[in-house]
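For reference, the structure is listed below as structure tokens.
The values are calculated or read from the model by the stated rules, or taken from the named source; none is laboratory data. From a predicted model like this one, the values you see are computed outputs, not experimental measurements. Glycine gets a Cβ as well: all are built from the backbone with ideal geometry, and neighbour counts include every protein chain shown.
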Amino acid sequence: MEFHIDLGPQYEGESIRKEDFYVEFGGSAVKYKFERATLKSPEEVEHEKVEIIGSDIKDLEEGGSYPLAILIDVAGEELEPDMEPVIERRIHMYSNYVEGLWHMAQRNDIWLRLSKNSFKKGLNSLREVGEIYNFLFTSEIPQIEKIQTTFITDEKRIEELLPSALEVYEARDARARELKDEDVDEFYYCVLCQSFAPTHCCIVTPSRLANCGAMNWFDCKAAYKLDPEGPIAGFPKGECLDPLKGEFSGANKIVAEKSLGNYDRVYLHSAFEHPHTSCGCFQAICFYIPEVDAFGIIHRDYGGVTPAGLKFSTMAGDTSGGKQVEGSCGMALELLRSAKFFQADGGRKRLVWLPKEIKERYKEFLEADGVYDKIATEEDVSNTDELVEFLEKVGHPWIKGEVELPG
Amino acid sequence: MAEVKAITRKEEEVRQLIKAEIPWEPVGPTPMPEIPDLRSWDMRLLKTYKPWYAPFCDLCCLCTYGKCDLTENRRGACGLDIATQQARIILLACLMGCSAHAGHAGHILEFLIERHGPDKKIDMGTFIELEAPNIRTVTGLKPETLGDLKAVIEYVYKEITHLLDSTHMGQEGSYLDYESKALHASMLDHVGMEVADIAQIVGFNYPTSVAETPMIEMGWGAVDKSKPVILLVGHNPATSCTLIDYLRDNDLYDKVEVCGICCTALETTRYSDRAKIVGPLSRQLFFVRTGIADVILTDEQCIRTDIPIEASKAGSALIATLDKAMYGLEDATDWDTEEIVKQMVEDKKHFAILDPEKAAEVAAKVAIKIAPQKRKEWITEEEATELAKKCTNCDMCERVCPNLFSIGDGITEVAKGNFDLIKEQFNLCIGCGKCEEECPKQVPIFKIMQVAASKETWKIRAGRGPIMDTEIRNVGAPLTLGTIPGVIAFVGCSNYPDIEDVADMVDEFARRKYIIVLSGCAAMVAGMKKDADGKTVYEKYSPDFDAGGVVNVGSCVANSHISGAGIKIANIFASLPLRANYEVIADYILNRVGACGVAWGAMSQKAASIGTGCNRLGIPVILGPHSSKYRRLYLSRKEEDDWRVMDARKREIVDTGEPSPEHLAYVCETKEKAMVTIPKLCIRKNDTPQGRSIKLNHYISLYKKYMGGGLPEDLHLFVRRSADIPLVYKKEVMAHLKEIDWQPKEPVGLPTLIGTYPTKVPIDAVIH
Amino acid sequence: MSALIPFHRVNVLTGIKSARLIEDASEYADLIQKAKRPLLVLGPRLLEWALDGKLLIEYALEIAKAANIPICATAHVKGKLTELGVKPDSVYDAVEIVNALKDPDWKGVKRAGNHDLVIFFGIRSDLGEQSLSVLKHFAPHLKTMTLCKFYYPHANYSLPNFRKDEQWKAFLENLIDNLKKGE
């Protein structure tokens, strides 16, 4: 396919300054904007059609900011509604693949800019953008049998459609929140990082996402469907051997095989006895602090040290390499949101130290557990002795013995 | 099959030298390896990356039985054939390179131990714990003090003697074994370089563990010629740092301008960010002939051997400060300072002064005295036009030009008052002066070129030394997942087809999110081009060792940090032990680290040993067209060669059929072709599907840009399964693969050569 | 075995065996036509040089067409060929093509057998001379020929250092005519 501009991952990350954009869509200056992917039946989709409702780019005034809705409708026998968010997130990636097109955020927060350079090169119509989307979607996902892209720049029309989009987003979030390990038969494993850590294998469940933070259970499901021979695959979870610690016969079987026999039992929700392994890509480490018999978390971007005086890089050396290390678990930061976050060990209620940045980011969840103001940060303490003092002073529930381990 | 051997006295001595009793890691199989110890690894490399010889000379002239004609399979009087003769010369070149750095290292180490004592601790900063990756891996020693480095450099000296021995008449008769020895010498070069740069960083307090080093001013325009100017030419910072100290201590630093050419400029600007960089080697003769320098201080390597004559012609004073190059000058090291100054100023004599402090004092005093007497103006365009009229277009200049262009055409244009052509040609000039020497009309070509020389000032980052351990850890995940498509190192001298080539390549690949590292003359020229916003690549991109980052590690000896980064990836990310474990680490880098060197303007023997040292470690290098004159490359024949590996997970040999990397030492004729070849040489067998698809994206995208569209002819060799195909080209590639009846193959998760050839290393060693 | 000095001094021969100098286009045409499997290796200088406004690449393509010689396009020459509607038989670089040619068992660009006459045109002369050296020493089973206006000592057959471009142009045009006649 020939387009006026070039395509490829080399254009991701190019930002377009205010002086350089021809037009802008969405963003904080604009009230009505959203993007949405919907699975429809084949009769409802006209393959490779691009429709524009409202003005096209060449009819808009240069330098202006405009409302926009992007609708991707797909049909295909092997597609499932759960894949809609995975497909929808691709709009961001594909847009950024376009030379001179920039896309930020998702859902009803989207913000796009088209550069003057690319407009000059001939990218002056949403039609071409739609053709690019159709081209890339069908290139990457052969399970899409029919695809239709619609752009709406008519503000009234967008305003009308927005509420139903918001409902869809909310329903997805609710489903993701509510779905638990108990509700599904299939878990996923990922061995993408084995070229660096040959014995490591991530187990991904609705309550436990991959250590790198890039894949949750839904992502893995979609990835497995789209690339059945890839590094991500589904497996039957098997018998639940220990619901609290998160031990499943299916998972044990998988890790025994994938770790070259190095270990054959894994607890998905505990840092002791048979903890989950890590390669080197994890976003954070949940670590045990023996002096207070509780846990802290340190993340990759944190430049300082733990109360014990250790840097992330030092601790990462022990945690990585595909070994089961008690009391030192690599994790994704989003794991903090999970209801089963190290539940066998006390979960969030056993956290006593966090970098301030993390504490603020997950404030809501920590408050819900009643521990937000009981957790020390690098601003409160600078060594273990001070940590002990702090926790006693604020009356941390774990220290006070008030936390009951479930089950 | 292996017998239990008693430890020999030699082995015991080695264990003592490397302090084997300190258990920071178990000692691997080859501590302080000698010529035969890594030979089986070399032979395995050479089996796939066969030596390709382009004899530079049909004869051998080394002994008095010669000259011997070696064409048509003739053997010399000693029995040597043409291939073995080329390999011998390559070994000699690599030995010269290795000795250059070992000599520099030994000298600077003595100098700094004299200053700080042998117990001065090696501290590379907060973010670097792995202080000496090459030394640890090759020797098995973890150096903690400057004194510890002595045992390392003495080991290198010893090996040089044995290697040089084998170049004597009537020694090695196998070109493969000469290559193995060249690989050995070159591995040792990286060790010597590391000794030098660690000593310098520690002894001179260079920046380390910091990415954002200061910006330095570079170019003719950066030099303030209203002040007395001292020019440093060479490589050894003992002279330059001492000079800066002297000027500071005597409150002269504001009053005297210090500038440098070649690596010494990169060293000096790590010590003081107020020093200026004139440019790389190719600008040496120009600048000397302008007479802008009042005093020239030389130390060693890559200096004009007739510099005393040129200095005299230009009215500059010259002091030779190192025994490697004394030019037949009187040795005034023990003379009275004032006497030397007097003779230099009044009698215009040049001297050798081997004491850096005395040299610094004399230089400063002489510069201050003679500067007011000199006229330092560039010639005007009118003057140039007049001088150019002498040219008769005889084209003798074109005949002797090593870069094969006609400066005579440019001069003819200048005679008409037109300066466009000569400005372009200045970028092609490598500064040898042969044109002017040959000109029958004595046209002062170099003088006329002053109007062509850009008076611009560019910004380049000061050399920052090693890559930090934290940076290595940070890029591990993106390198695996493929968001960083590879690491490209632009290194080497300034014998380019066009000086802007390197800047263009750096910009293209930094934009595409490769990690770019630079050193030496290449680091300088990369900064000698400004984009539409007036920025050099150092201003445009971040200085972090990360996607799209542009990192200047420093001078020639800082090349050890580039090989060091590969070693760090093996240790920090894959947890492989380093100690005396060279073979396993090289095997890891060859099979699993997507790195490629580009020595676009390689000219010297040092460049030969640096490149060959990278090769032994498993890093491929692309060279510019002049480098066909090195006489030897390491090429595979694509599908025809042996691409079997051991799958260390499954313990079985797999025939991957995938030439990755395809060559170890290659020549591209043009910058355009280099752009297409670089992404291909970053492909490795253990690429994840994402990683492979991003690498192929760049390969295909650049192919389309420079080869007129279509798909690379060898693309099918690099597609294992359809998940490897980049999204944007998926439909086109799938159609093409179908046409040629391509079959998918299983990717190998843990590829290694260990287990495919006879070696003492067990397969378990490649998995930690 | 003339001791002619090549135009670019860096290519001066240090040895005994040197290329036969040929100035007669019909002799060149004869050699080409007698070859069973000639190969034309084209370099990027052909994209830069022109004779009276006509790019050398066009001369090269006419020669290839007139004598039906397969083409190896080195460096980025293929880009220009695509523009001109020509598909080369190989895209090996100079160092790669000589690497293959020196293997007597190589099947050639057309898989019909290795080549017996390799004609080089438009590679920068230092790389060209070095590539010819590979074949001179290690490929006794074939002969090499050059079409640039410089004398190449390492070739088997070479043109002289043409002083004037007109002479070179006349040679090339004569060669093309001769090859066409012999079709």
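Worth a mention:
- Taken over segment A:335-386, the residue count meeting the criterion of being of a type in the set (Asp, Glu) and surrounded by 15 or more Cβ atoms within 10 Å (Cβ to Cβ) is 4.
- Candidates A:LYS245, A:LYS237, A:LYS258: the one that is within 23 Å of B:LYS650 (Cβ to Cβ), touching a residue at least 12 places away in the same chain (Cβ under 8 Å) and of a type in the set (Lys, Arg) is A:LYS258.
- Those residues of segment C:51-86 which are facing another protein chain (nearest Cβ under 9 Å) and either surrounded by fewer than 24 Cβ atoms within 10 Å (Cβ to Cβ) or farther than 20 Å from B:LYS671 by Cβ (or both), in sequence order: C:GLY79, C:LYS80, C:LEU81, C:THR82, C:GLU83
- Spans of strands (runs of 3 or more DSSP E) in segment B:627-732 with at least 2 residues more than 14 Å from chain C (Cβ to nearest Cβ): B:644-647, B:652-655
- Criterion (closer than 30 Å to C:LYS136 by Cα, in contact (Cβ under 8 Å) with a residue 12 or more places away in the chain and under 18 Å from the mean Cα position of the chain (by Cα)) met by exactly one of B:GLY564, B:GLY611, B:GLY554: B:GLY611
- Selection count, segment B:60-79, where residues are aliphatic (A, V, I, L, M) and surrounded by 19 or more Cβ atoms within 10 Å (Cβ to Cβ): 2
- Apart from one condition, B:ILE319 fits all of (1) in contact with a helix residue (DSSP H, G or I) (Cβ under 8 Å, 6 or more places away or on another chain); (2) farther than 21 Å from B:LYS255 by Cβ; the exception is (2).
- Segment A:109-181 holds helices (runs of 4 or more DSSP H) entirely within its bounds, and those carrying 1 or more residues that are within 14 Å of chain B (Cβ to nearest Cβ) and either in contact with a Lys or Arg (Cβ under 9 Å, 6 or more places away or on another chain) or touching a residue at least 40 places away in the same chain (Cβ under 8 Å) (or both) map to A:116-121, A:126-140.
- Complete set of residues in segment A:189-201 that are surrounded by 24 or more Cβ atoms within 10 Å (Cβ to Cβ) and not in a loop (DSSP other than H, G, I, E, B): A:CYS190, A:LEU192, A:CYS193, A:SER195
- Scan of segment B:694-715 for residues that are touching a residue at least 24 places away in the same chain (Cβ under 8 Å) and either hydrophobic (A, V, I, L, M, F, W, C) or crowded, with 24+ Cβ neighbours inside 10 Å (or both), ordered by number: B:ILE694, B:LYS695, B:LEU696, B:ASN697, B:HIS698, B:ILE700, B:LEU702, B:TYR703, B:MET707, B:LEU711
- Residue match in segment B:50-68 (condition: within 14 Å of another protein chain (Cβ to nearest Cβ), modelled with pLDDT of 95 or more and under 30 Å from B:ALA765 (Cα atoms)): yes
- Identity of the residue in segment B:247-281, of a type in the set (Ser, Thr, Tyr) and touching a residue at least 40 places away in the same chain (Cβ under 8 Å), that ends up nearest to B:SER226 (Cα to Cα): B:THR269
- Taking the criterion of being of a type in the set (S, T, N, Q) and either in contact with a Cys (Cβ under 7 Å, 6 or more places away or on another chain) or in a loop (DSSP other than H, G, I, E, B) (or both), the residues of segment B:65-106 that qualify are B:THR71, B:ASN73, B:GLN85.
Every residue, every condition in (1) small (Gly, Ala, Ser); (2) part of a helix (DSSP H, G or I), yes or no:
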position	(1), (2)
B:LEU354	no, no
B:ALA363	yes, yes
B:ILE370	no, yes
B:TRP378	no, no
B:LEU387	no, yes
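- Filter pass, B:GLY520 being touching a residue at least 24 places away in the same chain (Cβ under 8 Å), more than 20 Å from the chain's Cα centre (by Cα) and on the phi > 0 side of the Ramachandran plot: no
- Residue within segment B:26-39 that is within 14 Å of chain C (Cβ to nearest Cβ), part of a loop (DSSP other than H, G, I, E, B) and either over 21 Å from B:VAL156 (Cβ atoms) or at pLDDT 95 or above (or both) present: no
- Taken residue by residue, segment A:20-38 has at least one member that is among the charged types (D, E, K, R), in contact with a Gly (Cβ under 8 Å, 6 or more places away or on another chain) and either farther than 30 Å from B:HIS698 by Cβ or not in a strand (DSSP E or B) (or both).
- Residue match in segment B:427-437 (condition: more than 14 Å from every other protein chain (Cβ to nearest Cβ) and either of a type in the set (A, V, I, L, M) or within 30 Å of B:SER701 (Cα to Cα) (or both)): yes
- The set of residues in segment C:125-144 being out of contact with any Phe, Trp or Tyr (no Cβ under 8 Å at 6 or more places or on another chain) and surrounded by fewer than 23 Cβ atoms within 10 Å (Cβ to Cβ) consists of C:ASP126, C:ALA139, C:PRO140, C:HIS141, C:LEU142.
- Selected residue (criterion: nearest to B:GLY749 (Cα to Cα)) from residues of segment A:216-235 that are under 16 Å from the mean Cα position of the chain (by Cα) and not aromatic (Phe, Trp, Tyr): A:ILE232
- Residue match in segment B:486-494 (condition: of a type outside the set (Asp, Glu), within 14 Å of chain A (Cβ to nearest Cβ), part of a loop (DSSP other than H, G, I, E, B) and buried (at least 24 other Cβ atoms within 10 Å of the Cβ)): yes
- Flag if A:VAL204 is of a type outside the set (Asp, Glu), touching a residue at least 60 places away in the same chain (Cβ under 8 Å) and either at positive phi or surrounded by 15 or more Cβ atoms within 10 Å (Cβ to Cβ) (or both): no
- Qualifying residue in segment A:93-100 (condition: surrounded by fewer than 16 Cβ atoms within 10 Å (Cβ to Cβ) and either touching a helix residue (DSSP H, G or I) at 6+ places or on another chain (Cβ under 6 Å) or under 27 Å from A:ARG17 (Cα atoms) (or both)): yes
- Residue satisfying all of: in segment B:123-138; among the β-branched types (Val, Ile, Thr) and in contact with a Leu (Cβ under 7 Å, 6 or more places away or on another chain); nearest to B:HIS561 (Cα to Cα) among these: B:ILE135
- Of residues in segment B:513-527 being surrounded by 24 or more Cβ atoms within 10 Å (Cβ to Cβ) and part of a loop (DSSP other than H, G, I, E, B), the one nearest to the other protein chains (Cβ to nearest Cβ): B:TYR514
- Residue tally, condition of a type outside the set (D, E, K, R), surrounded by fewer than 24 Cβ atoms within 10 Å (Cβ to Cβ) and out of contact with any strand residue (DSSP E or B) (no Cβ under 7 Å at 6 or more places or on another chain), over segment B:252-289: 6
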